[in-house]
Amino acid sequence: MNDNLFIEIVGVIENGGEKREKLQAICKLLKGNLKNYDWVGFYLVDESGKNLNLGPFVGAPTEHVKIAFGQGICGQAAETKKTFVVDDVSKESNYLSCSINVRSEIVIPIFKEAKIVGELDIDSHVQSAFKKEDKDFLEKVCSLISKIF
Ligand code: SME
């Protein structure tokens, strides 16, 4: 699944440019090529190691530009160092809403030498948009992305 897309992402990682430009290009590739990926963005762990700052993204602007570890889906993924897949965001009590249109979400941590350095966050306007294939593919993408951190 998504072999060509993966090759394009490898190209972005390996070509020249700033980290932020590469992350921005990856957001664009994922949103542009995968169905129901309506908001794609990165959160980057700050110097304190306790907060996430909004990085490059594609989609509607969000008010959640700084998220503490433990807060919302992003903060829980950071704290537990695990991928979170939420099929129906309306059923989550620890959730930060970016838009009333969002129905499901996936958050994948990015590690550098076992330390969490950032996350890839994707929102969808449809319920249960993220399947096992999405999770496996995005985890593979995130382990590749860790090279540029
Ligand atoms: N929904 C996320 C917040 C980030 S926005 O989706 C862009 C959360 O609950 O952590």
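The values are calculated or read from the model by the stated rules, or taken from the named source; none is laboratory data. Being a predicted model, the structure only gives us computed values, none of them experimental. Virtual Cβ from ideal backbone geometry, glycine too; neighbours counted across all protein chains shown. Keep in mind that these areas ignore ligands, DNA and RNA; they rest on the heavy atoms of the full protein, side chains included. Shrake-Rupley method; radii C 1.70, N 1.55, O 1.52, S 1.80 Å.
Annotations
- Within the range 31-58, if we keep just the residues that are touching a helix residue (DSSP H, G or I) at 6+ places or on another chain (Cβ under 8 Å) and among the aliphatic types (A, V, I, L, M), the residue that is farthest from the ligand (Cβ to nearest atom) turns out to be 34.
- If you go through the range 59-76 and keep only what is closer than 19 Å to residue 92 by Cα, more than 8 Å from the ligand (Cβ to nearest atom) and not in a loop (DSSP other than H, G, I, E, B), you end up with just 68.
- Any hit, the range 26-44, residues being more than 21 Å from residue 139 (Cβ to Cβ) and either open to solvent by 10 Å² or more (accessible area, probe 1.4 Å) or not in a loop (DSSP other than H, G, I, E, B) (or both): no
- One residue from 85, 107, 117 being open to solvent by less than 10 Å² (accessible area, probe 1.4 Å), in contact with a helix residue (DSSP H, G or I) (Cβ under 9 Å, 6 or more places away or on another chain) and either within 13 Å of the ligand (Cβ to nearest atom) or not small (Gly, Ala, Ser) (or both): 107
- Residue match in the range 87-94 (condition: more than 11 Å from residue 146 (Cα to Cα), charged (D, E, K, R) and under 15 Å from the mean Cα position of the chain (by Cα)): no
- Subset of the range 120-149 [more than 17 Å from residue 79 (Cβ to Cβ), near the ligand (Cβ under 10 Å from one of its atoms) and not aliphatic (A, V, I, L, M)]: 123
- Among the residues examined, residue 122 does not qualify as over 19 Å from residue 24 (Cβ atoms), at pLDDT 95 or above and outside any helix (DSSP H, G or I).
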